[in-house]
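Structure first, commentary second.
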Amino acid sequence: MNIDLLNPIGDGRFADVWLGTDEIGRRVAVKVLREEGKGVSTILDHARALVRSKHKNVVDVYSIESVCIPNLGDEKCIVMEHIDGVTLEKRLKDNLTNQEAYRIGHEISEGVKHIHAQGLVHMDLHAENVLVEADGNIKLIDIMYLSSLKDVPEMTQETRFNHDKKQLIDLLSQICSKSPFGNDAKIEFNSGISDKSDLEDITQSFENVFTLVRLNLEYMIDLFKVNGVNAKHYKFRSECAHDVNELRRIMGSEILSIQIQQQYFPDNSVDLITTSELEDVRNFMRQVVDGHVMLQTVQYYYDYTGERDYDLH
Ligand SMILES: Nc1ncnc2c1ncn2[C@@H]1O[C@H](COP(=O)(O)OP(=O)(O)OP(=O)(O)O)[C@@H](O)[C@H]1O
């Protein structure tokens, strides 16, 4: 593939990155590893790891090419999508709205979960390795040179996963601090996690901080800020408003807000804000005479699909 280099766009500790165009006119980023970077592992291993990890929140690697680099000559380079955006480091110099904070944190977590699901680790998760595109989409760049974790002992794998988890927590904490909830959000986020938390727990704790934002329930946000209420947002279907009313009666003051958002045949769609845990909500629903559809569909807002789980009784 013929690559034309335009100008340098980044110099990290281990690599120089150039903006270029490929032979079909796409703008590409061309990454040239420095000698010390090559010592960590081969350039091919690095790229293979990235090629395998195709995801909307992870940089897309196109190929490995020999490219003539000014003052260096022909070098094997990683050719990847050029991300037109700013680093999170730069973005965090300004404050974020709740929606922005939620989206950035959520998408970083999705990218990391995907990388781990491939048996890879990132190992260098910090705000300069997160790019924010103009439309707010997040891309993780600079994934560590390890192509696979399967060749290393379990203990080492564990250490590397934990390294990513710790860095993810740091990043999400920074994002919390830059949200309108400020340090309160950071404290709330950190109170929801422990040393034993996995990626899902970490993401859930972060999302719990911003969960009310999605409903634009400003009064709920005030309540959360003033009273430190750890509210959760659930969604479910109900066969009729009568079932929801019965649930409202049974749950009583456990409910902070309940809204029938829309009516669609044959069910209602309901949003519930409560401090109760999911399993407790299910137990309340079990007491509703005809509450089986609610019980089988209730989920955290972010996990909600509307699908029924017929195993739940
Ligand atoms: N795909 C890309 N699109 C746009 N810019 C990029 C891309 N990849 C890298 N960059 C820019 O180049 C800089 C350095 O890239 P990268 O972080 O991959 O190099 P590195 O030497 O491995 O970095 P580090 O110092 O974090 O180890 C990034 O901070 C970013 O500004």
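The values are calculated or read from the model by the stated rules, or taken from the named source; none is laboratory data. None of the values given here were measured: they were computed from a predicted structure. In this analysis, Cβ positions are derived from the backbone assuming ideal geometry, glycine residues included, and neighbour counts consider all displayed protein chains.
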Any residue in the stretch 102-128 that is assigned by TED's automatic domain parsing to the domain that holds GLN204 and small (Gly, Ala, Ser) sitting within a Cβ distance under 9 Å of a residue that is part of a helix (DSSP H, G or I) and within 14 Å of the ligand (Cβ to nearest atom)? List the pairs, counting only those 6 or more apart or interchain.
GLY105/LEU171; ALA127/LEU88; ALA127/GLU89; ALA127/LYS90; ALA127/ARG91; ALA127/LEU171
Conditions first: (1) modelled with pLDDT of 90 or more; (2) more than 24 Å from ASN57 (Cα to Cα); (3) surrounded by 14 or more Cβ atoms within 10 Å (Cβ to Cβ). ASP184 passes all but one, so which condition is the exception?
(1)
Of the conditions (1) crowded, with 22+ Cβ neighbours inside 10 Å; (2) under 27 Å from LEU33 (Cα atoms); (3) among the hydrophobic types (A, V, I, L, M, F, W, C), the single one that LEU172 does not satisfy is (2)
Test VAL67 against the stated conditions and say whether it is among the hydrophobic types (A, V, I, L, M, F, W, C), modelled with pLDDT of 90 or more, over 23 Å from LEU168 (Cα atoms) and assigned to a strand (DSSP E or B).
no
Would you pick out the residues in the stretch 267-304 that are part of a loop (DSSP other than H, G, I, E, B) and within 23 Å of the chain's Cα centre (by Cα)?
GLU277, VAL298, TYR304
Out of all the residues in the stretch 1-15, which are within 9 Å of the ligand (Cβ to nearest atom) and not in a strand (DSSP E or B)?
GLY12, ARG13, PHE14
Among the residues of the stretch 58-109, write down those that are more than 12 Å from the ligand (Cβ to nearest atom), hydrophobic (A, V, I, L, M, F, W, C) and closer than 21 Å to GLU23 by Cβ.
ILE64, VAL67, CYS68, ILE69
Subset of the stretch 189-207 (residues that are small (Gly, Ala, Ser) and in a loop (DSSP other than H, G, I, E, B))
GLY192, SER194, SER197
Expected single match for surrounded by 12 or more Cβ atoms within 10 Å (Cβ to Cβ) and either closer than 21 Å to PHE210 by Cα or hydrophobic (A, V, I, L, M, F, W, C) (or both) among THR274, THR305 is THR274
Filter result (surrounded by fewer than 22 Cβ atoms within 10 Å (Cβ to Cβ) and over 14 Å from GLU200 (Cβ atoms)) within the stretch 103-128
ARG103, GLU107, GLN118, GLY119, MET123, ASP124, HIS126, ALA127, GLU128
Those residues of the stretch 129-139 which are surrounded by 15 or more Cβ atoms within 10 Å (Cβ to Cβ) and more than 10 Å from the ligand (Cβ to nearest atom) amount to VAL132, ASN137, ILE138
